Amino acid sequence: MEAPDSTHSNDQKQRPEVAFILGMGRSGTNFLLDLLDVSEDTHCRNEPDELPGGCLESWGQWKIHSCKRSGARHWEELTRATNCGGERDRPIPTWKSWLRQNASGPASALSKSGLRKLLPGLGGAEFELPHALIRHEELASSLHVFKINAAPSVAELFLKESASSSQRNPEIVHIIRNPAGFLRSWRRRWLTKHDVDEVLQANSARIQAVLENDPDGGAFMADFAAPDVFESELLFWRYCTQRIRRAGRELERYTEVSYDRLASEPLETLRAIFNKLQLPWTDAVNERVTAMTGGSVTIANAYQAELDEETRAMLERTLGEELFTEFELSLPES
């Protein structure tokens, strides 16, 4: 049994307002995080669970399988992380409402390397945002956006929690990319930079962990005795995607976003997300989004030219009929 959450009995007004961007790597999670960062009223954190010694380092142990959680201090850890920056975060945009006016200089000064020049003692993969640059009351009242990849247990944990009537519940924004586009991007941007045998070994270990910790949810994986590196990646994509979807089914705090639609219709799609997260849509936001998304449609649709019969067959084999049909991956009729 997990230890009681020492923060749960505290006044929930102390809890920060939080939204999680969940999804798989190479599926548009970075793209969506950057787009939410155009708001003056967000504080965006990129993969803080991957930072050694960081506030959310322990989340990497249980974000897939909740049975690996030890204790229940997630709100305490999360609250600490809202006051921090990390080496994976983007440089702080100068338009943030929680920056002191004298801190809104060159953007390069608000990156970690820039901050280290100003504050030589700053160290570690994660660090508390310097008091000299931050208006802490405004930061505390911002919407803190945490991007965490491959984290179905995070969705399940925070979607089942309820805050007091005076406090906003955590929001989950789940971005899903067409699996054919995901596979192409993963192969080109990840697999080419890593040893294939090592990637397959890591993927096989993830599948084995699923079969051990969630045999019912991962039952479809048991049909693949020795999946190759592409099949193993798609099987894990399917597992995480289906679990996050199940956690959010019919819940108002769960928003599913199509990466392909966000890329092709960025203003309309993002404006709906801003409304859901209660973020103001201003002329400045509109201009920033327009400037950022000029080539997004081309990137999102690039997979279509390379989707041959062999790849379609692999997608059908690993995704199952329902997902294969949903993403319209069948060969067009001649």
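The values are calculated or read from the model by the stated rules, or taken from the named source; none is laboratory data. Bear in mind that the values here come from a model prediction, so they are computed numbers and not experimental data. Using ideal geometry, Cβ is built from the backbone for each residue, glycine included, and neighbour counts are taken over all protein chains shown.
Tell me, please, whether a residue that is surrounded by fewer than 12 Cβ atoms within 10 Å (Cβ to Cβ) and out of contact with any Lys or Arg (no Cβ under 9 Å at 6 or more places or on another chain) can be found in the stretch 229-243. Working first, answer last.
Initial filter on the stretch 229-243 (surrounded by fewer than 12 Cβ atoms within 10 Å (Cβ to Cβ)): none.
Taking every residue of the stretch 229-243 in turn, none turns out to be surrounded by fewer than 12 Cβ atoms within 10 Å (Cβ to Cβ) and out of contact with any Lys or Arg (no Cβ under 9 Å at 6 or more places or on another chain).
Out of everything in the stretch 229-256 that is more than 16 Å from F182 (Cβ to Cβ) and in contact (Cβ under 8 Å) with a residue 60 or more places away in the chain, what residue ends up being farthest from the chain's Cα centre (by Cα)?
Within the stretch 229-256, the first condition is being more than 16 Å from F182 (Cβ to Cβ), and the residues that meet it are 243, 246-255.
Right, trim to in contact (Cβ under 8 Å) with a residue 60 or more places away in the chain and you get 243, 247-248, 251, 253-255.
Working: R243: 15, A247: 15, G248: 15, L251: 19, R253: 15, Y254: 13, T255: 13 Å.
Top of the filtered list is L251.
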Exercise. Does F20 fit the bill of being farther than 19 Å from V285 by Cα, buried (at least 17 other Cβ atoms within 10 Å of the Cβ) and modelled with pLDDT of 95 or more?
Worked result: yes
Seminar exercise, completed: Per the filter on the stretch 143-153, residues surrounded by fewer than 21 Cβ atoms within 10 Å (Cβ to Cβ) and over 17 Å from G60 (Cα atoms) are L143
Exercise. Could you say which residue among E57, E47 is surrounded by fewer than 20 Cβ atoms within 10 Å (Cβ to Cβ) and closer than 30 Å to G218 by Cβ?
Worked result: E57
Problem set entry | Pairs where the first residue, in the stretch 185-202, is among the β-branched types (V, I, T) and the second is assigned to a helix (DSSP H, G or I) and surrounded by 11 or more Cβ atoms within 10 Å (Cβ to Cβ), C-beta under 7 Å, 6+ apart | V196/V229; V199/L191; V199/V229
Seminar exercise, completed: Across (1) within 22 Å of the chain's Cα centre (by Cα); (2) in a helix (DSSP H, G or I), E212 clears everything bar (1)
For this session: Output the number of residues of the stretch 208-228 satisfying the condition of being closer than 18 Å to C67 by Cα and either in contact (Cβ under 8 Å) with a residue 40 or more places away in the chain or surrounded by 15 or more Cβ atoms within 10 Å (Cβ to Cβ) (or both).
Result: 6
Exercise. Across the stretch 187-205, what is the number of residues that are in contact with a helix residue (DSSP H, G or I) (Cβ under 6 Å, 6 or more places away or on another chain) and either under 30 Å from F274 (Cα atoms) or crowded, with 20+ Cβ neighbours inside 10 Å (or both)?
Worked result: 1
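Could we say that F324 is buried (at least 17 other Cβ atoms within 10 Å of the Cβ), under 22 Å from the mean Cα position of the chain (by Cα) and either assigned to a helix (DSSP H, G or I) or aliphatic (A, V, I, L, M) (or both) here? Full working, then the answer.
Numbers: buried (at least 17 other Cβ atoms within 10 Å of the Cβ): yes; under 22 Å from the mean Cα position of the chain (by Cα): no; either assigned to a helix (DSSP H, G or I) or aliphatic (A, V, I, L, M) (or both): yes.
So F324 fails the test.
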For this session: Restrict the check to the stretch 255-277 and report whether at least one residue is within 30 Å of T94 (Cα to Cα) and among the aromatic types (F, W, Y).
Result: yes
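Taking the stretch 63-79, which residues are under 19 Å from the mean Cα position of the chain (by Cα), assigned to a helix (DSSP H, G or I) and among the charged types (D, E, K, R)? First the steps, then the outcome.
Let us first name the residues in the stretch 63-79 that are under 19 Å from the mean Cα position of the chain (by Cα), namely 63-66, 74-75, 77-79.
Checking which are assigned to a helix (DSSP H, G or I) leaves us with 66, 74-75, 77-79.
Across the stretch 63-79, the qualifying residue is only E77.
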Problem set entry | Selection within the stretch 170-184 - touching a Gly at 6+ places or on another chain (Cβ under 6 Å) and closer than 23 Å to D308 by Cβ | R177
Exercise. For the stretch 264-285, does any single residue satisfy the condition of being basic (K, R) and touching a Ser or Thr at 6+ places or on another chain (Cβ under 6 Å)?
Worked result: yes
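Out of the residues in the stretch 268-281 meeting the condition of being in contact (Cβ under 8 Å) with a residue 24 or more places away in the chain and either buried (at least 19 other Cβ atoms within 10 Å of the Cβ) or more than 30 Å from K160 (Cβ to Cβ) (or both), tell me which one is farthest from the chain's Cα centre (by Cα).
First, pick out the residues of the stretch 268-281 that are in contact (Cβ under 8 Å) with a residue 24 or more places away in the chain: 270, 273-274, 276-280.
Then drop every residue that is not either buried (at least 19 other Cβ atoms within 10 Å of the Cβ) or more than 30 Å from K160 (Cβ to Cβ) (or both), which leaves 270, 273-274, 277, 279.
Numbers: L270: 16, I273: 15, F274: 16, L277: 15, L279: 18 Å.
Ranking the candidates gives L279 first.
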